[in-house]
1. Out of Ala83, Ala104, Ala88, report the one residue that is under 27 Å from Phe64 (Cα atoms), assigned to a helix (DSSP H, G or I) and either in contact with a strand residue (DSSP E or B) (Cβ under 9 Å, 6 or more places away or on another chain) or among the aliphatic types (A, V, I, L, M) (or both).
2. If only one of Leu110, Leu125 is in a helix (DSSP H, G or I), open to solvent by 80 Å² or more (accessible area, probe 1.4 Å) and at pLDDT 95 or above, which one is it?
3. Could you grab me the full set of residues in the stretch 81-90 that are open to solvent by less than 60 Å² (accessible area, probe 1.4 Å) and of a type outside the set (Ser, Thr, Tyr)?
Amino acid sequence: MRIDDPWYDALAFGWGELDGTGMPAPTSLPGTAYPEHRQGPSDIYREVQRSAAFQEVRSRYRRFVVPATFAFFTWYVAYVVTATAAPALMAKPVAGAINVAMVAGLGQFLTTFLLTWAYARHARLRRDRAALDLRWTVFDQTRDAGSQGLMEPGSPDGAESVPPDRTEEVRGGAEPSRGAER
């Protein structure tokens, strides 16, 4: 089966390369037959994605977002269905010219703002510190890969974009000033 893909015939690392004697090099995993192989940016990001710390950050994110989305969507659908199926209920006055539909509609806006506040608070208290630690770990590793010549200077994977003073601030345990973050 032939695939019309420009990378179809491209060799993977260590496959079909010559070993210097004119013979094909043995095909083995990078790092075993080629001890000089170091991690590149894609290896670093895959390693971080598989890490327990990254999975914990994603898990905390999902534990908040999935129930919050479900609850808000249920509340919104209940409002729309009630407005459609029970117009008499929605037309009942609450105070003067204000009826149930207006109170529920304003409740939708209030719920949106409360959910935004709760999400930002949850992120700040439960995910931001761990995500920042992961970010600096990746920056440190990509900087190291860049200093070893595995990355182009100024590449988007950013070997040169790490502010060393910030790395030491986070790694050294010093808390950044609150005014600087906002």
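1. That would be Ala104, the only listed residue that is under 27 Å from Phe64 (Cα atoms), assigned to a helix (DSSP H, G or I) and either in contact with a strand residue (DSSP E or B) (Cβ under 9 Å, 6 or more places away or on another chain) or among the aliphatic types (A, V, I, L, M) (or both).
2. So the residue among Leu110, Leu125 that is in a helix (DSSP H, G or I), open to solvent by 80 Å² or more (accessible area, probe 1.4 Å) and at pLDDT 95 or above is Leu110.
3. Within the stretch 81-90, Ala83, Ala86, Met90 meet the criteria.
The values are calculated or read from the model by the stated rules, or taken from the named source; none is laboratory data. Since we're looking at a predicted model, the values are computed, not measured. Every residue, glycine as well, gets a Cβ built from its backbone with ideal geometry; the counts of neighbours run over all protein chains shown. The accessibility values were calculated without ligands, DNA or RNA, using every heavy atom of the protein model including side chains. Shrake-Rupley method; radii C 1.70, N 1.55, O 1.52, S 1.80 Å.
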